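Remarks on the structure that follows.
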Amino acid sequence: MKNAQPSYTLDEAKKKIENYCAYQDRCHKEVANKLREMGMIPRAIDQIIGHLIQENFLNEERFAKSYARGKFNIKKWGKKRIVNELKMRDISKYNITSALKEIDENEYLNTLNLLAEKRLEAIREKNIQKRRKKLADYLLYRGWESHLVYEKITELIK
């Protein structure tokens, strides 16, 4: 027998989602998905999201900025990966641009340098071309811009 999904009143759902948003910044898409999982109807979802925006529980610009800072500082992602992830969450171009301004350019380049050097030490490949490819693949996967990656590889592997 399948467990029946609990049903929520509008006020119960609001409280639950307020806590969900208070715990961590969320984007509109995550909140709408969570409400759908809770079995809320589209009209209730719109009403609750409106309430969350009005009460400042939901703010896409704040979400985009904290997301960009977090992924850069903690996971060492490059701007391309951050932009793609924000686009997948339906964040507007304006908010994405605003979020990328949170990343200091000098810190960005220093992080790329440290990441590349650390990774290069871990690559045991003797063939120079294969070493370059492995390092490039690693940095590109993490979302670093290709022109920066290739400049760094040229600088590090001679």
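Here, each number is a calculation from the coordinates, and none is a lab measurement. In this text, all values refer to a predicted model and were calculated from it rather than measured experimentally. Every residue, glycine as well, gets a Cβ built from its backbone with ideal geometry; the counts of neighbours run over all protein chains shown.
Full-extension gain between HIS51 and ARG36, please, as 0.36 nm times their residue separation minus the C-alpha to C-alpha distance.
So the extension gain works out to 3.8 nm.
Under 17 Å Cα-Cα from LYS29, which lysines qualify once same-chain neighbours fewer than 8 residues away are excluded?
Straight-distance partners of LYS29: LYS14, LYS16, LYS65, LYS87, LYS93.
Can you sort HIS147, HIS51 so the residue with the fewest Cβ neighbours within 10 Å comes first?
Taking fewest neighbouring Cβ atoms as first place, the list is HIS147, HIS51.
Could you work out the relative contact order of region 105-156, using alpha carbon pairs under 8 angstrom and six or more residues apart, expressed as a whole percent?
With pairs under 8 Å counted, the relative contact order is 34 percent.
With only alpha-carbon atoms counted, please give the Rg and Dmax of region 105-156, in Å.
Cα only, region 105-156: 10.3, 33 Å (Rg, Dmax).
With an 8 Å Cα cut-off and a minimum separation of 6 or more residues, compute the relative contact order for region 54-158 in percent.
Averaging sequence separation for qualifying contacts and normalising by length gives 32 percent for region 54-158.
Rounded to the nearest 500, what is the chain's calculated 222 nm mean residue ellipticity when only DSSP H runs of at least 4 contribute -39500 (n - 2.57) each, over all residues? Walk me through the intermediate numbers first.
Working: 9 runs with 112 residues, N = 158.
Rounded to the nearest 500, the figure is -22000 deg cm²/dmol.
Between ASP104 and ASP137, what FRET efficiency comes out of the Förster formula 1/(1 + (r/R0)^6) with R0 = 30 Å and r the beta carbon distance, rounded to 0.05? Intermediate results must be reported in sequence, preceding the final value.
Numbers: r = 26 Å, r/R0 = 0.88.
Given R0 = 30 Å and the Cβ-Cβ separation, E is 0.70.
Taking 0.36 nm per residue of separation and subtracting the Cα-Cα distance, what length does fully extending ASN84 through SER66 add?
Working it through step by step, the gained length comes to 4.9 nm.
Determine ³J(HN,Hα), in whole Hz, for all residues of region 151-158 in sequence, where each value follows from phi through the Karplus function 6.51 cos²θ - 1.76 cosθ + 1.60 and θ = phi - 60°; x replaces Gly and Pro.
These are the phi-based 3J(HN,Hα) values: 4, 5, 5, 4, 5, 8, 10, 10 Hz.
Too long at a 21 Å Cα-Cα cut-off: which of LYS118/LYS158; LYS75/LYS152; LYS126/LYS152?
Over 21 Å apart, Cα to Cα: no pair at all.
What do you get for the angle between helix 28-37 and the principal long axis of the chain? Use alpha-carbon atoms, 0 to 90 degrees, nearest ten.
Compared with the principal axis, the helix lies near 50 degrees.
Please report the net charge: other residues with Cβ closer than 10 Å to the Cβ of ALA68, K and R +1, D and E -1.
That works out to +3.
Order of 103-113, 132-142, 61-71 by packing, highest average Cβ count within 10 Å first?
The peptides rank, most packed first, as 61-71, 132-142, 103-113.
For ASN73 and GLN24 in one chain, what is 0.36 nm times their gap in residues minus the Cα-Cα distance, to one decimal in nm?
Result for the pair: 16.0 nm of gain on full extension.
Which FRET efficiency value, to the nearest 0.05, is calculated for GLU12 and SER92 with the Förster distance at 22 angstrom and r the Cβ-Cβ distance?
E(calc), rounded to 0.05, equals 0.10.
Specify the angular offset, from 0 to 90 degrees and rounded to the nearest 10, of the alpha carbon long axis of helix 42-54 from the longest principal axis of the alpha carbons in the chain.
70 degrees
Which of the aspartates and glutamates could a cross-linker span from LYS130 if the Cα-Cα distance has to be under 19 Å and same-chain partners fewer than 8 positions apart are dropped?
GLU117, GLU121, GLU151, GLU155
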